[in-house]
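A short write-up of the structure that comes next.
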Amino acid sequence: MADANPQSNDTFSPWLDSGETPFVRIENVTKKFGSFTAVDNISLDIYEHEFFSLLGPSGCGKTTLLRMLAGFELPTSGKIFIDGEDMSCVPPHKRPVNMMFQSYALFPHMTVEQNIAFGLQQDKLPKDEISDTVNRMLQLVKLEDYSKRKPEQLSGGQRQRVALARSLAKNPKILLLDEPLGALDKKLRKETQFELMNIQEELGITFVIVTHDQEEAMTVSSRIAMIDSGKVIQVAAPADIYEYPNSRNVATFIGEVNILEGVVAKVEKDSATINIKGIKAPVHTGRSIQATNGEQVWVAVRPEKMIVSLNAPDNLSTNVIKGIVWDIGYLGNLSVYHVRLSDKRMVTVTMTNRTRETERTITWEDEVYVTWESDASVVLLS
């Protein structure tokens with residue numbers, strides 16, 4: 001458990017309103033395959049119009065949970081409600097959801113417009129309605145000029161947009177996306193993330209996405225459910241899950257972080273002091289913690305919150321580490337410093353390159369001081 005999290009500043013935050021009713025309610029859902037438990041007693045509330053991410057490493061149970069929402073798998077125990085209706089006896093084709101698969105699953109012998117129209121034709125809708133819907137979807141995903149092409153004539157990003165248009169054509173209440181951008185290169189994936197956000201905002205449909213890409217989840221989500229070994233270990237808005245992780249597991253999965261092991265020296269009303277193993281100066285945090293003197297804890301500090309300097313800071317009493325620059329990575333907009341401590345542990349610091357100067361004032365094997373503000377210290381109990 002971490003320090004008490006502040007409420008998100010997002011304007012869209014129905015989860016903070018006790019009067020709001022969840023659109024999707026997952027209650028104590030467990031899924032077993034033989035003796036293996038893929039999903040372990042998960043409970044989640046997802047609200048209408050959310051862009052909700054299920055984030056975690058491969059094999060953590062996130063895709064199994066998504067498939068249970070779609071109806072392709074049934075829970076071993078527990079219930080799933082969508083818009084107030086128990087889905088226990090509702091088959092996949094009658095659920096108010098549609099699913100976009102990682103493989104896109106386009107029909108290779110059909111054109112773009114035929115792929116988009118397929119589900120509507122299966123529902124035997126009038127031809128005029130199908131044509132209008134297909135044209136609207138083509139405009140939505142900006143593929144009007146590619147309507148007569150077949151999937152093999154499209155780029156990966158274009159095929160992804162066809163699959164998205166086909167999934168949205170039937171106007172589902174919820175769109176389920178299983179690693180939808182995994183096949184795209186990094187640049188295209190970033191561009192498509194914003195396209196997805198714009199489409200979701202325009203249509204107002206609830207999106208639930210499965211991903212193992214932390215950056216993707218942070219970019220698109222209103223909230224993230226971090227899943228590990230079949231259990232939900234934290235649910236929060238992206239900024240809150242990054243700034244206030246509730247465990248080392250979450251802190252290390254979401255972004256880069258320095259974890260310092262220590263023992264609580266003093267707890268006060270609005271602050272705490274931690275003695276860190278192998279470091280002379282203690283760590284001070286500007287928030288109270290739910291721990292007692294002498295208890296083992298871990299302090300998480302993000303690399304961008306730290307400053308590396310050749311000069312000793314004015315205050316050497318707290319939040320300062322002395323070490324040797326072991327390695328430097330120049331990434332254009334920022335530099336990454338790996339500082340080696342006396343006990344051979346490494347601390348990572350990232351600093352923005354604010355000038356065009358290519359000569360660094362800090363270089364390899366320099367003796368340096370690493371410092372940070374008290375508010376950057378997040379104390380974790382597990």
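Some notes on this structure:
- Filtered by the rule that a residue be touching a helix residue (DSSP H, G or I) at 6+ places or on another chain (Cβ under 8 Å) and more than 13 Å from Ala165 (Cα to Cα), segment 106-124 gives Phe107, Pro108, Met110, Gln121.
- Taking residues in segment 110-127 that are touching a residue at least 60 places away in the same chain (Cβ under 8 Å), and partners anywhere that are of a type in the set (Lys, Arg) and assigned to a helix (DSSP H, G or I), not one pair has Cβ atoms closer than 6 Å while being at least 6 places apart or on different chains.
- One residue stands out in segment 130-152 among those that are hydrophobic (A, V, I, L, M, F, W, C) and part of a loop (DSSP other than H, G, I, E, B): the one that is modelled with the lowest pLDDT, namely Val141.
- Screening segment 153-255 for strands (runs of 3 or more DSSP E) wholly inside it with 1 or more residues that are touching a residue at least 40 places away in the same chain (Cβ under 8 Å), buried (at least 23 other Cβ atoms within 10 Å of the Cβ) and touching a Cys at 6+ places or on another chain (Cβ under 9 Å) returns the ranges 223-228.
- Scope segment 361-382; condition in contact with a Phe, Trp or Tyr (Cβ under 9 Å, 6 or more places away or on another chain) and surrounded by 14 or more Cβ atoms within 10 Å (Cβ to Cβ); matching residues: Ile362, Val368, Val370, Val378, Val379, Leu380, Leu381
- Set side by side, the residues Val297, Val339, Val320 differ, and just one is within 26 Å of Tyr244 (Cα to Cα) and touching a Pro at 6+ places or on another chain (Cβ under 8 Å), which is Val320.
- The one condition in (1) of a type in the set (A, V, I, L, M, F, W, C); (2) more than 25 Å from the chain's Cα centre (by Cα); (3) over 19 Å from His284 (Cβ atoms) that Ile307 fails to fulfil: (3)
- The lone exception for Asp83 - which of (1) over 25 Å from Phe194 (Cα atoms); (2) touching a Phe, Trp or Tyr at 6+ places or on another chain (Cβ under 7 Å); (3) surrounded by 17 or more Cβ atoms within 10 Å (Cβ to Cβ) it fails: (3)
- If you check Leu106, Leu69, Leu65 for being at pLDDT below 90, closer than 27 Å to Leu181 by Cα and surrounded by 13 or more Cβ atoms within 10 Å (Cβ to Cβ), only one passes: Leu106.
- Residues that are surrounded by fewer than 17 Cβ atoms within 10 Å (Cβ to Cβ) and in contact with a Pro (Cβ under 9 Å, 6 or more places away or on another chain), drawn from segment 31-48: Glu48
- Those residues of segment 215-232 which are among the basic types (Lys, Arg) and within 23 Å of Lys31 (Cα to Cα), in sequence order: Lys231
- Selected residue (only one of Gly332, Gly278 is touching an Asp or Glu at 6+ places or on another chain (Cβ under 9 Å) and not hydroxyl-bearing (Ser, Thr, Tyr)): Gly278
The values are calculated or read from the model by the stated rules, or taken from the named source; none is laboratory data. Everything numeric in this text was worked out from a predicted model, so none of it was measured. Ideal geometry is used to build each Cβ from the backbone, glycine not excepted, and the neighbour counts take in all protein chains shown.
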